[in-house]
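The values are calculated or read from the model by the stated rules, or taken from the named source; none is laboratory data. Fair warning: this is a prediction, and the values are worked out from it, not measured in the lab. Here Cβ is always computed from backbone atoms with ideal geometry, including for glycine, and neighbour counts include all displayed protein chains.
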2 protein chains.
Amino acid sequence: MSLARFSLNSATTKRWPLPELVAGCVEAGVRNVGLWREEVAVHGLAETVTLVKDAGLAVTSLCRGGFFNQPDWYAENRRAIDEAATLGAPVLCLVSGGLPAGGRDVDAARAHIGEAIGELVPHALAAGVRLAIEPLHPMFCADRCVVATLGQALDLAAPHPPEAVGVMVDTYHIWWDDQVWAQIDRAGREGRLACFQVADWITPLPAGALLGRGLPGTGCVELRRFREAVDATGYTGPIEVEVFHEDVWSRPGRRVLAEALAGVRDHVL
Amino acid sequence: MSLARFSLNSATTKRWPLPELVAGCVEAGVRNVGLWREEVAVHGLAETVTLVKDAGLAVTSLCRGGFFNQPDWYAENRRAIDEAATLGAPVLCLVSGGLPAGGRDVDAARAHIGEAIGELVPHALAAGVRLAIEPLHPMFCADRCVVATLGQALDLAAPHPPEAVGVMVDTYHIWWDDQVWAQIDRAGREGRLACFQVADWITPLPAGALLGRGLPGTGCVELRRFREAVDATGYTGPIEVEVFHEDVWSRPGRRVLAEALAGVRDHVL
């Protein structure tokens with residue numbers, strides 16, 4: 001297959017140190033990676049820039065900003081935007097945060113996210129980094145992200161310039177939504193589709209639910225239908241594989257990359 | 001508080017044998033119970049009818065029909081309707097089933113549910129039992145119920161007479177949905193609101209996610225807002241407490257009933 005659009009999100013191979021991951025990607029002909037701030041910090045920001053540039057890789061997204069329910073959200077998100085710019089990542093993924101501790105007011109939490117994003121827009125525009133609001137699966141609504149559907153993410157993005165604020169389409173989080181096809185179409189019309197991530201839905205969920213994702217093709221999501229829907233809007237950007245699962249993390253990175261490539265070839269393209 | 005609308009769904013006190021549960025309800029002044037087919041079968045259908053009648057209790061709902069992805073769905077659901085009629089339960093709760101094993105076609109699964117419910121309508125009407133389509137939380141979409149929002153449940157109910165097909169509003173499953181207030185209002189306008197169940201959302205989710213519910217007031221759901229929204233449609237029916245959690249099941253039934261009553265008094269009414 002053409003590898004031009006394939007991107008390995010480094011969370012998929014969590015225990016593969018960044019230099020080995022980059023070497024493994026080059027060896028496999030992969031041209032793109034998605035990175036997480038934590039591992040960039042471990043390797044060093046400047047060192048990571050050098051590492052990926054020397055390897056000829058593009059950074060398709062940086063995860064993650066958001067968590068607007070934390071007191072230091074403003075400074076932290078500005079730092080995240082700066083890091084994305086330094087890495088040449090066009091997109092900063094936003095996991096917007098759940099309810100405040102002990103809180104129940106989900107409307108207020110959502111309204112605050114809208115205001116917080118508005119405050120970050122000037123810095124994002126100046127840095128040339130696009131904020132991608134990611135709807136997370138509703139099972140994370142309380143503790144990770146009160147933005148639970150693509151429709152909501154688009155509503156939150158709407159007041160802001162499309163070049164500053166877009167949305168992340170991650171199949172794992174939104175596959176169950178019967179409105180998702182109309183909302184992907186809307187995302188295209190409104191110029192908001194910032195990035196496309198694929199992961200599959202497998203059962204049973206593990207305790208805590210976070211590490212329950214499957215590699216493409218191992219679950220029940222209509223991944224090709226998503227890719228076709230996204231492409232039908234004119235999206236030609238990366239197809240990032242982002243999977244969190246203990247079983248996947250316990251396998252060698254090189255093997256997981258090969259599985260991810262095969263999964264995308266057989267179930268996404 | 002007035003106990004007139006409070007109903008104890010027996011799944012909340014799973015290990016409390018039915019005769020003790022009935023005695024405990026009478027002692028606490030509770031007038032309504034929701035039952036599950038499995039425990040009715042354990043105690044015997046005729047014996048259960050006698051038990052609840054002699055105690056002066058009403059059966060507010062029977063759980064559950066549905067699972068339309070099983071080969072025997074038609075015969076099984078007819079039996080469930082008959083059991084509800086025999087128990088005097090006005091409502092049979094439908095958990096519609098997930099994807100067929102190995103399947104990915106969620107649209108087809110949803111269409112099949114619509115057709116299956118249509119085939120059951122004549123029997124439900126004849127028996128005087130209302131089928132209540134229950135949207136389950138999207139985390140159960142693959143393996144328990146492809147109906148994931150109240151809007152979808154209402155769309156599925158729409159072609160059928162309201163006295164035959166309604167919807168179940170269970171706070172646990174739909175609290176995260178920003179469309180839910182408009183859809184509760186719609187349920188009222190369309191005469192579909194068959195029953196109201198309350199449970200709270202607590203984290204972290206346990207493995208498998210099924211037994212993660214909290215008693216009213218222990219989590220982050222705006223329960224009173226739900227009760228007010230439901231009542232604003234003209235609903236005057238039962239407020240059923242239905243909680244599945246190992247910690248709750250491990251406590252004595254009498255104590256859990258007292259906690260459920262206090263939770264409804266302090267957080268729902």
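Tabulated data
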read-out	value
Total residues in the stretch B:169-183, condition within 10 Å of chain A (Cβ to nearest Cβ) and not aliphatic (A, V, I, L, M)	7
Test result for residue A:106, crowded, with 22+ Cβ neighbours inside 10 Å, farther than 16 Å from residue A:61 by Cβ and modelled with pLDDT of 95 or more	yes
Residue satisfying all of: in the stretch A:80-108; in a helix (DSSP H, G or I) and aliphatic (A, V, I, L, M); nearest to the other protein chains (Cβ to nearest Cβ) among these	A:106
For residue B:161: the one exception among (1) away from chain A (no Cβ under 14 Å); (2) surrounded by fewer than 24 Cβ atoms within 10 Å (Cβ to Cβ); (3) touching a Gly at 6+ places or on another chain (Cβ under 8 Å)	(3)
Long-range neighbours under 9 Å by Cβ, at least six apart or interchain, first residue over 20 Å from residue A:89 (Cα atoms) within the stretch A:231-244, second hydroxyl-bearing (Ser, Thr, Tyr)	A:244/A:12
Enumerated helices (runs of 4 or more DSSP H) restricted to the stretch B:178-269, each holding at least 1 residues that are closer than 20 Å to residue B:140 by Cβ	B:180-189, B:223-232, B:246-249
Among (1) within 21 Å of residue A:200 (Cα to Cα); (2) more than 14 Å from chain A (Cβ to nearest Cβ); (3) of a type in the set (A, V, I, L, M), the one test that residue B:139 misses	(2)
Residues (closer than 13 Å to residue A:65 by Cβ, surrounded by fewer than 22 Cβ atoms within 10 Å (Cβ to Cβ) and out of contact with any helix residue (DSSP H, G or I) (no Cβ under 7 Å at 6 or more places or on another chain)) located in the stretch A:114-148	A:121
Residue B:111 being within 14 Å of chain A (Cβ to nearest Cβ), loosely packed, with under 15 Cβ neighbours inside 10 Å and under 25 Å from residue B:169 (Cβ atoms)	yes
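Conditions (1) touching a residue at least 60 places away in the same chain (Cβ under 8 Å); (2) within 13 Å of another protein chain (Cβ to nearest Cβ); (3) surrounded by 24 or more Cβ atoms within 10 Å (Cβ to Cβ); (4) closer than 20 Å to residue B:91 by Cβ, marked per residue:
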residue	(1), (2), (3), (4)
B:185	no, no, no, no
B:189	no, no, no, yes
B:194	yes, no, yes, yes
B:203	no, yes, no, no
B:206	no, yes, no, no
B:212	no, yes, yes, no
B:221	no, yes, yes, no
B:227	no, no, no, yes
